[in-house]
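Everything on this sheet refers to the single structure shown next.
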Amino acid sequence: MPKIGMEAERRRTLIAATVDAIHENGFSDVTVAQIAKRAGVSSGLALHYFGSKDQLLAATMRHLLKDLGDGIRERLSGARNPRERISAIIDGNFAPGQFREAVIAAWLAFYAQSRTTQSNKRLLQIYSGRLTSNLTYNLRHFMPREDARQVAEGTASMIDGVWIRQALRDGPSDAAWAIGMVEAYVETQIKYHHDMSALRKVTKVNALQ
């Protein structure tokens, strides 16, 4: 009889092995045999748990998305105001478990694959929509709704862009550098809209005098 929890543990091990195998061999060239070898199980057992290579890759993507979401929610639970919530969202996107070389390679592979795989595309659209929505909700405390939406899109684009740039860099990932870049953009936008709001109020007062 298998030990209780063994299947869940093997699934996690296979998903971790999938990330490393994609990093080493590329999305298209990775095989179930390579993944199973890394995980220390047979190809047959890997297929027993996931059914096919495509299903294993899809499960890996869902796991990464869940891990990302869990990390952001944990950080949001400790945030005390809208500005801290924005920082929590940014920080969660560069968490140690996510922003590392192998996972970055896997994410880029999934993004590329989403152009031809509708299920992957839908998952990424859900993630992207939630990211923009959460940022917009908190940015509305500092600027009008339409401006908040635009800045949220810019912030999300910066997060994605930093990930791509990191994938092209040699050496270990630098989360502090990445977070600092995105935070600087957000802070600049908040200050700009604060100054513009103050200017409009002054202009309105002067017009009434």
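The values are calculated or read from the model by the stated rules, or taken from the named source; none is laboratory data. In this text the structure is predicted, and so the values were computed from the model without any measurement. Note that we place each Cβ from the backbone using ideal geometry, even for glycine, and neighbour counts take in every protein chain shown. For accessibility, only protein heavy atoms count, side chains too; no ligands or nucleic acids. Shrake-Rupley method; radii C 1.70, N 1.55, O 1.52, S 1.80 Å.
Things to note:
One line per residue, one yes/no per condition, for (1) farther than 30 Å from SER28 by Cβ; (2) among the small types (Gly, Ala, Ser):
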position: PRO82; (1), (2): yes, no
position: ALA88; (1), (2): yes, yes
position: PHE99; (1), (2): no, no
position: ALA112; (1), (2): no, yes
position: THR116; (1), (2): no, no
position: ILE126; (1), (2): no, no
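- Here the stretch 25-48 is the region considered, the condition is being modelled with pLDDT under 90 and surrounded by 13 or more Cβ atoms within 10 Å (Cβ to Cβ), and the residue that is farthest from VAL103 (Cα to Cα) is VAL30.
- Selection of the stretch 142-159 for residues being assigned to a helix (DSSP H, G or I) and within 17 Å of ILE89 (Cα to Cα) yields ALA148, ARG149, GLN150, VAL151, ALA152, GLU153, GLY154, THR155, ALA156, SER157, MET158, ILE159.
- When ALA95, ALA176 are checked against the criterion of being of a type in the set (A, V, I, L, M, F, W, C), part of a loop (DSSP other than H, G, I, E, B) and either out of contact with any His (no Cβ under 7 Å at 6 or more places or on another chain) or buried (at least 18 other Cβ atoms within 10 Å of the Cβ) (or both), a single residue qualifies: ALA95.
- Filtered by the rule that a residue be open to solvent by 50 Å² or more (accessible area, probe 1.4 Å) and under 19 Å from ASP67 (Cβ atoms), the stretch 14-24 gives ALA16, ASP20, HIS23.
- Qualifying residue in the stretch 60-75 (condition: over 20 Å from ASN134 (Cα atoms), in contact (Cβ under 8 Å) with a residue 40 or more places away in the chain and buried (at least 20 other Cβ atoms within 10 Å of the Cβ)): yes
- The residues of the stretch 138-165 that are within 18 Å of TYR127 (Cβ to Cβ) and not small (Gly, Ala, Ser), listed by number, are ASN138, ARG149, GLU153, THR155, MET158, ILE159, ASP160, VAL162, TRP163, ILE164.
- Within the stretch 112-126, the residues that satisfy the criterion of being buried (at least 16 other Cβ atoms within 10 Å of the Cβ) and either assigned to a helix (DSSP H, G or I) or out of contact with any helix residue (DSSP H, G or I) (no Cβ under 7 Å at 6 or more places or on another chain) (or both) are GLN113, THR117, ASN120, LEU123, LEU124.
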